Amino acid sequence: MARSIVCLTFDFDAISGWIARGMTSPGPISRGEFGPQVGVPRLLALLERHGIPTSWYIPGHTLETYPDECERVAGAGHEIGHHGWTHRPPASLSRDEERVELERANEAIHKLTGRYARGYRSPSWDLNPHSVELLLEHGFVYDSSMMADDYTPYRVRKGDAITLEQPAVFGQETPLIEMPVSWTLDDYPHFEFLRTPTVVLPGNMNANNVLQNWVDDFQYLARSLEWGVITYTFHPFVIGRGHRMLALDKLIRTLKDSGAVFTTLEDAAAEYARRAPA
Ligand SMILES: [Zn+2]
């Protein structure tokens, strides 16, 4: 019998994403504050009503700025994963800076949950070439930041040689499991209006249209694979708005009715590892 696993994941950036972009004036900070103040309580109530476990990737900055809200998330039984300390993407950091962030935020996660994170999601989904080694050194089982597959996890490579004018030479596979993501399954680019000196992201899509894409991607999985995982990514300050909360509720109900199995990303990665040992 086919097994279609759904992982709902929440990147609890709060105000850290705006700070990492240098946007520290009251406007953007208030936009981030909507997450802990309004989005998180709404989401926890919705998830409790549906009785489903989910995975939360929380930057160290959020863990230390909003400890009560983070305790509520962990206390409700959701997985707590690593999402940097600042919200700077690893691709913008040196190896040493990345190591410092990794360890600092992991200590905050240990303080909250009693254990170090098994899963990592890079801020803005942009890893460094040496991120994989650092993650393995620090005991991570999986990453969830890359996009080379959709429904099937895979093992992450290290040591790729990628240059402009030579064919790519791919490195060796590591034990690190990739739980792939996609911008199409992320609430942020669909919904958030963003204007910077170099970028305008229009956002503000009709939530029912986006919902239809999200449901159809699940239906394609259920139809085409005996076993697979679909990972949706949400942000409390994005999905927490009324019309989007209704879309998330409809998504959960529709997928439940279609036979979806809801798990944390950690459990889905463990299931993959049993099916495809390294
Ligand atoms: Zn984030």
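Computed from the coordinates by the stated procedures, all read-outs in this text should not be read as laboratory data. Note that the structure is predicted; figures quoted are calculated from it, not measured. Here the Cβ is made from the backbone with ideal geometry for all residues, glycine too, and neighbour counts use every protein chain on show.
Global size of the chain: 18.1, 54 Å for Rg and Dmax (C-alpha atoms, Rg to one decimal, Dmax whole).
Classification of segment 1-55 by its C-alpha gyration tensor yields an oblate form. The axis ratio a/c (a ≥ b ≥ c) is 1.5 or more, and b/c is at least a/b. Let me make sure I get this right: for segment 68-166, a, b and c are the square roots of the gyration tensor eigenvalues over alpha carbons, sorted descending. Under 1.5 in a/c it's rounded, otherwise prolate if a/b > b/c, else oblate. Which is it? Prolate.
Given springs between every Cα pair under 10 Å in a Gaussian network model of the chain, which of 191, 140, 237 has the largest fluctuation? Answer for the Gaussian network model of the chain: 191. Full extension of the chain segment joining residue 201 with residue 113 gains 28.1 nm, where the gain is 0.36 nm per residue of separation less the Cα-Cα distance. Of the residues 105, 78, 52, the one whose Cα sits farthest toward the positive end of the charge dipole of segment 10-129, with +1 on the Cβ of Lys and Arg and -1 on the Cβ of Asp and Glu, is 52. Taking a ≥ b ≥ c as the square roots of the eigenvalues of the alpha carbon gyration tensor, segment 153-205 is oblate, as a/c is not under 1.5 and a/b does not beat b/c.
Could you work out the local net charge near residue 76, counting Lys and Arg as +1, Asp and Glu as -1, over the other residues with Cβ closer than 15 Å to its Cβ? Around residue 76, the surrounding residues sum to -2.
As a proxy for reagent exposure, 3, 31, 195 were ordered by neighbouring Cβ count within 10 angstrom, fewest first; the result is 195, 3, 31. The residues neighbouring residue 278, those whose beta-carbon lies less than 9 Å from its own, together hold a net charge of 0 under the Lys/Arg +1, Asp/Glu -1 convention.
Computed with the Debye formula from one identical point scatterer per Cα of segment 8-87, without solvent, the log10 of I(q)/I(0) at q = 0.16, 0.20, 0.27 Å⁻¹ comes to -0.55, -0.83, -1.35.
Residues considered: 181, 38, 156. Largest GNM mean-square fluctuation over the chain, using C-alpha springs under 10 Å, is found at 38.
Relative to 2.2 N^0.38 Å, what does the C-alpha radius of gyration of segment 169-240 come to as a ratio? Two decimals please. Show your work: numbers first, answer last.
Values: Rg = 15.9 Å, N = 72, 2.2 N^0.38 = 11.2 Å.
Compared with the compact-globule rule of thumb, segment 169-240 sits at 1.42.
Add +1 for every Lys or Arg and -1 for every Asp or Glu among the other residues with Cβ under 9 Å from the Cβ of residue 118, and state the total.
Numbers: positive: 115; negative: 79, 266.
Result for the neighbourhood of residue 118: -1.
Placing +1 on the Cβ of every Lys and Arg and -1 on the Cβ of every Asp and Glu, with nothing else charged, gives the chain a dipole about its Cα centre of roughly 580 debye.
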